[in-house]
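The structure appears right after this line, and notes come after that.
A short reminder: the numbers here are calculations on the coordinates, not readings from a lab. These numbers come from a predicted model, not from an experiment. Cβ sites come from the backbone with ideal geometry, for glycine too, and all protein chains shown count toward neighbours.
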Amino acid sequence: MAAPQIRRFELTRFRGIEALVWWPAPGVNLILGGGDVGKSTLLEAIALLLYPTNGFVLSDTDYFNRLVENELLIEAVMSLPDASGIHDQSWTAWPWEWDGEQAVLPDPEADGPVRDPVYRVRVRGTSELDLAYEVIQPDGSVVSFPTALRRRIGLVRLAADDRSDRDLRLIQGGALDRLLDDRALRARLGRHLAQDGLQGQLVDDARARLTALDVDLTNRHLPHGLGLGFVGGPGVSINSLVGLTSDKDGVALPMTSWGAGTRRLAALTIADNLQDGAPIILIDEIERGLEPYRQAALMRTLDERPSQTMVTTHSGFAITAATGATLWHLDAAGSIGKLPTEKVSALQQRDPAALLSRLTVIVEGITEVGFLEVLLERHVAPNWGAYGLYIADGGGNDRVLQLLEGLLSGGVRFAGMADREAGNPAPERWARVQRASGDRLLRWNEGNLESNVLPLFGVQRLQTLITDPDNRKTGQRRRSLIDRLGLAPEATLEQISVAAGDGLMQVVVEAALGNIPPDIVGDERRKMFKGHASQWFKSHAGGRELANKVFELDLWPRLEPRFARFLAVLRQAVHD
């Protein structure tokens with residue numbers, strides 16, 4: 001089924017966004033980003049462009065910085081199927097051609113395949129707080145973008161508040177109105193509901209008071225012959241009181257009285273049954289009112305629909321379930337970028353919360369997560385997580401590089417902490433990421449966290465270093481050194497120090513990393529040596545333990561120069 005599609009969307013001076021250009025994909029578009037960056041604003045702009053009536057009233061807060069004298073502009077380049085009615089207007093709609101980036105003038109003499117026809121539509125908010133809906137023709141002329149055409153294109157909007165219930169009631173241009181498609185129904189209902197006769201439901205005393213009022217009005221030569229009926233007010237139609245009901249234990253309950261999640265799913269079901277094509281769907285905060293299993297089911301349903309869909313979410317469950325969606329990240333500067341699926345899919349499944357923070361810090365592994373947490377608590381803010389900072393386990397050097405490249409291409413604001421592995425693999429890719437990231441990326445000049453931090457303790461602090469705060473791993477750590485030095489199981493720390501000589505701290509580093517000496521053969525022995533890492537700091541708690549010991553033993557001044565600019569970036573993020 002051919003469906004309307006927004007190919008290019010441009011937003012200028014609308015609410016908190018000064019300028020934004022977006023090329024949404026067909027199918028499901030999942031928009032991510034930190035709090036108050038404009039995700040809902042983006043959906044509301046699309047809703048305003050395709051608003052099915054002329055009843056929207058602008059206010060000064062709809063203009064960027066409330067500068068009404070500077071017009072707001074919302075424009076889209078759209079593919080419109082014949083079913084949208086684009087060719088049924090009183091004027092001729094001349095198509096543009098789509099070159100992959102924007103609408104261009106048709107070139108009848110051009111060789112090659114014919115490019116897709118598209119149409120430019122826009123809505124302007126004027127300095128008089130009026131809305132001007134327009135279609136821009138290839139010759140530069142402008143014609144009206146009428147409500148009838150906007151309704152035929154179709155819009156299903158599930159907002160973050162109860163305004164989404166409009167699709168469950170008989171509101172002009174709403175999904176239920178388009179589904180029934182009975183043009184005379186509204187007039188018939190209006191006449192029926194406006195008829196007098198409700199006074200028959202009054203008790204005797206109330207009916208007597210109404211009769212007395214009628215006599216008084218007659219005596220004063222005012223309109224009389226009173227009755228009671230449904231009466232609409234300015235901007236309110238009595239037809240809008242008509243809505244879907246559902247049987248519950250023999251009682252007809254309004255669909256709008258059910259739970260928020262159920263109402264949203266009902267509105268989408270109406271959209272599924274529309275006879276006039278696949279409307280564009282906008283869902284703000286898809287998780288609202290839905291349990292995790294229903295969030296996942298809804299994401300799968302949306303992915304199977306032909307409609308172009310724009311979704312925002314704060315739910316990790318929804319992100320994980322959005323396997324077929326195109327992921328986008330919107331930042332506070334109004335820049336939206338595509339997150340390449342092949343680079344971020346692992347993070348999307350493993351740690352979706354990393355895609356929802358204001359500043360995500362990608363680190364090598366779980367040890368770095370714990371270590372950096374302590375640094376942030378001491379040098380950024382005790383409650384640093386409340387400011388939108390998030391530390392994510394990247395899952396190894398190769399994955400960290402892939403993630404950083406993906407986040408960079410999507411315009412995600414991030415920071416990173418990475419090893420420099422032996423041989424410095426992929427130097428050009430790392431150099432590009434470092435240039436683009438600046439001080440937001442801390443990369444060791446050589447080695448990794450353990451190889452740079454553990455030697456600072458020295459032989460004289462070995463006892464403190466190997467002592468586990470819970471005293472559960474102390475013996476295992478000592479035994480790992482004994483195994484690597486080939487000593488008797490009962491060897492003391494002094495004997496270990498004598499046997500290792502000047503290379504003692506290197507033995508500690510090898511054990512903490514779980515490195516396997518080249519002369520070790522046999523799967524069982526190799527597995528044992530590799531397992532030494534879990535006895536030291538290869539865990540979240542281990543990373544925190546290591547960082548706390550750095551501060552307790554006053555080693556931080558020796559490490560601080562390496563972290564100073566990196567931590568300054570994170571402190572600035574807290575204050576932004």
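General remarks:
- 0 to 90° range, to nearest 10: angle between helix 397-409 axis and the chain longest Cα axis: 30 degrees
- Region 322-434: C-alpha gyration tensor shape, a/c 1.5 cut-off, then a/b vs b/c: oblate
- Cα centroid separation, region 371-431 to region 434-453: 9 Å.
- The H on the amide N of residue 362, modeled in the peptide plane, is under 5 Å from the matching H of 392, 415, 416, 417, each at least 5 residues off or on a different chain.
- Database remark: amide H of residue 72 closer than 5 angstrom to the amide H of 125 (H placed geometrically; neighbours at sequence offset of 5 or more, or on other chains; Pro and chain starts carry no H).
- FRET efficiency estimate (nearest 0.05) - Cβ-Cβ, residue 245 to residue 494, R0 51 angstrom: 0.05
- As a proxy for reagent exposure, ranking 566, 551 by other Cβ atoms within 10 Å from fewest up yields 551, 566.
- Size of region 458-554 as Cα extents on the principal axes (Å, biggest first): 39, 29, 21
- Computed from backbone phi with θ = phi - 60° and the Karplus coefficients 6.51, -1.76 and 1.60, the 3J(HN,Hα) list for region 39-51 is 5, 5, 4, 4, 5, 5, 5, 4, 4, 5, 4, 9, 4 Hz; x is used for glycine and proline.
- Length, then width, then depth: along the principal axes, the Cα atoms of region 1-144 run 47, 35, 27 Å.
- The relative contact order of the chain comes to 14 percent, based on Cα pairs under 8 Å that sit 6 or more residues apart.
- In this calculation the C-beta distance from residue 439 to residue 127 is compared with R0 = 30 Å, giving a FRET efficiency of 0.10.
- Taking amide H atoms as placed 1.01 Å from N in the peptide plane, the amide H of residue 118 lies under 5 Å from those of 96, 97, 98, each 5 or more residues away in sequence or on another chain.
- Summarising the label geometry, the points placed 7 Å from Cα in the beta-carbon direction at residue 58 and residue 183 lie 3.1 nm from one another.
- Label point 7 Å beyond Cα of residue 464 along Cβ direction - residues of region 553-572 with amide nitrogen under 19 Å: 553-561
- Helix-only [θ]222 nm of the chain, DSSP H runs n ≥ 4, -39500 (n - 2.57) each, per residue, nearest 500: -11000 deg cm²/dmol
- Stretching the chain fully between residue 381 and residue 21 yields a gain of 126.1 nm (0.36 nm per residue, less the alpha carbon separation).
- Remark: 505, 528, 78, 299 ranked as 528, 505, 78, 299, counting other beta-carbon atoms within 10 Å and listing the fewest first.
- Förster-model FRET efficiency, 51 Å R0, residue 552 and residue 342, C-beta, rounded to 0.05: 0.75
- In this simple spin-label model, placing a label point 7 Å from the Cα along the Cα-to-Cβ direction at both residue 408 and residue 572 gives a separation of 1.8 nm.
- DSSP beta bridge pairing in the chain, given as percent antiparallel to the nearest 5: 60 percent
- Footprinting exposure proxy ranking of 507, 77, fewest other C-beta atoms within 10 angstrom first, gives 507, 77.
- Taking 25 Å as the straight-line reach from the Cα of residue 473, the lysines in range (excluding those fewer than 8 positions away in the same chain) are 527, 530, 538, 549.
- Backbone HN-Hα couplings from phi across region 150-158 [Karplus 6.51/-1.76/1.60, Hz, Gly and Pro as x]: 4, 5, 5, 4, x, 8, 10, 10, 10
- The phi-based Karplus calculation (6.51 cos²θ - 1.76 cosθ + 1.60; θ = phi - 60°) puts the 3J(HN,Hα) values of region 64-71 at 4, 6, 6, 8, 5, 5, 8, 4 Hz, whole numbers, x for Gly and Pro.
- The alpha carbon gyration tensor of region 536-576 gives principal lengths a ≥ b ≥ c with a/c of 1.5 or higher and a/b no greater than b/c, which makes the shape oblate.
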